[in-house]
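FYI, it's all coordinate maths here, none of it is from the lab. Remember, predicted model here, so these are calculated numbers, not experimental data. Cβ placement follows ideal geometry from the backbone for every residue including glycine, while neighbour counts extend to all protein chains displayed.
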């Protein structure tokens, strides 16, 4: 207890020292005053509250509550979470090289990273983890299991798994795992390359450049597709470096505006472009954010390429990591960023909140117009709008239920265990026979899904009962429900094409990892087909870039 109070007194002393130093600056008087009030309350509660308190927990709760009033990207990172934060920035960590998911209280291996410890030891997707180093993992979260499996490269861990009806023990050596920023690159058509970038971690731009060079080595390139869909962003420097592959030297890429003068900065391309003429299509969707939007927005502003897909997320805020005492960190929003045309693509104004604390997206009617280099009109305040809006379909309730209840995953796992090999990743197809096999297999599963129609029917029945109409409407409602159940039973056939494509990808991933999944998807990806349509027709491509 004495040691806790000694730590507390040091912390209070530091805070009070800061408050005194700030008090000498008139513009910081309010900050000093509030710090003084907080430390006084904290001290009184810690010393005199009737029950024992945890000073660390009180402080963390206070910090998190304060930051919740700002934006979702300003976060307190306690010392024990700093390592995970670094992994997200660098893509590197010491571990076995596997991902785990939780379904029905079972910790299941969902993917294996090629060439690392888990792969070498024979761990496979679908394996259920029971123990790690003799300790049961029952009741543990995915995050807790992940922490146990991580460790210094060269150390070993024994993992007990359940695979079908067998229980196996595997010894896995931990390694320095590097999560590739570019897990796949290839040719989608003669002369047309494709690069998938999943994050802007350290050297992401270098990985794109290497992939691009390898594609050029196969033969002359006529066009390139850069896939930034579902890319959440990352390091600003990598976004600038990636843009520089397409944009000449000394061109503005992004302008940041913050409270301090040092954050009022224009970032320009530092080098000569790798290729400033090759026709380019950038794929984006609602999961493309931050650094992805910088790249897409800059190429759009300079009319350097066409943007295909759906409107991006709309995150125009820049964060910086600030060191705190005792190994903790603060990731704080320090500035807003603007594309070369002057656009702020931030879609939500976190400074303007309703009485309940909620925030709303900026309506299209309030979005301002800007001009690209060629004079095309582009809008701010809502992410990056694509030049060509994709016709890709939104996943139905049926498809989402297949995913959430792991039916596609489990079928692929069983298929893998019963078939030693399949065709090459890009060539594998789910046949009609295999689809019918899946259909029969699904009938033996506990599979339930709901739809908007079903939810409306339930609400109508509840409302009819509340209003006293149910007895007279019961037979009519039952007739409608029968018709609904009949239509519902046809959902698998109605979604047959999509289900076959998803099964293809899931099965291929068992044999050829995530890179194989991406290679297979090239055959039926609608966004890629749209991009190819414009890249392969020079007149259509140039027409998009005209005012």
- Within 10 Å of each residue's Cβ, count the other Cβ atoms and sort 441, 406 from fewest upward. 441, 406
- What translational diffusion coefficient, in µm²/s and rounded to a whole number, does the Stokes-Einstein relation yield for the stretch 452-491 at 37 °C and a viscosity of 0.692 mPa s, taking the hydrodynamic radius as the Kirkwood radius over Cα pairs? 313 µm²/s
- Sorted by Cβ density within 10 Å, fewest first, the residues 508, 280, 41, 208: 41, 280, 208, 508
- Contact order relative to length for the chain, counting C-alpha pairs under 8 Å separated by 6 or more residues, stands in percent at 11 percent
- Item | Compactness index (Cα Rg / 2.2 N^0.38 Å), the stretch 50-127 | 1.59
- Item | Distance histogram in 10 Å bins (all Cα pairs of the stretch 184-390, percent per bin) | 9, 34, 36, 16, 5, 1, 0
- Just the Cα atoms of the chain, one point each, no solvent: what log10 I(q)/I(0) does Debye give at q = 0.09 Å⁻¹? -0.89
- Message: Quick check: convex hull over the Cα atoms of the stretch 342-441, volume per residue in Å³, rounded to an integer?
- Response: 231 Å³
- Name the residues of the stretch 490-527 whose amide N is less than 18 Å from a point 7 angstrom out from the Cα of residue 445 along the C-beta direction? 490-511
- Task: Measure out, as a whole number of angstrom, how far apart the alpha-carbon centroids of the stretch 140-192 and the stretch 481-532 sit.
- Result: 25 Å
- Query: Is it possible to state the helix-based mean residue ellipticity at 222 nm for the chain, with each DSSP H run of 4+ residues giving -39500 (n - 2.57), the sum divided by total residues, to the nearest 500 deg cm²/dmol? What is it?
  - Reply: -13000 deg cm²/dmol
- Message: Report the Rg/Rh value for the stretch 428-547, based on alpha-carbon coordinates and the Kirkwood definition of Rh.
- Response: 1.20
- For the stretch 257-301, with equal point scatterers placed on the C-alpha atoms only and solvent neglected, what are the log10 I(q)/I(0) values from the Debye formula at q = 0.14, 0.19 1/Å, to two decimals? -0.52, -0.83
- Item | Between the stretch 292-354 and the stretch 67-106, the alpha-carbon center distance in angstrom | 20 Å
- Query: Tell me, what is the FRET efficiency for residue 456 and residue 286 to the nearest 0.05, using R0 = 22 angstrom and their Cβ-Cβ distance as r?
  - Reply: 0.30
- Item | Diffusion coefficient, µm² s⁻¹, Stokes-Einstein with Kirkwood Rh over alpha-carbon pairs of the stretch 394-491 at 37 °C and 0.692 mPa s | 199 µm²/s
- Note on the structure: Quick note on 364, 127, ordering by fewest other C-beta atoms within 10 Å, gives 364, 127
- Item | Alpha carbon convex hull of the stretch 92-178, volume per residue in cubic angstrom | 81 Å³
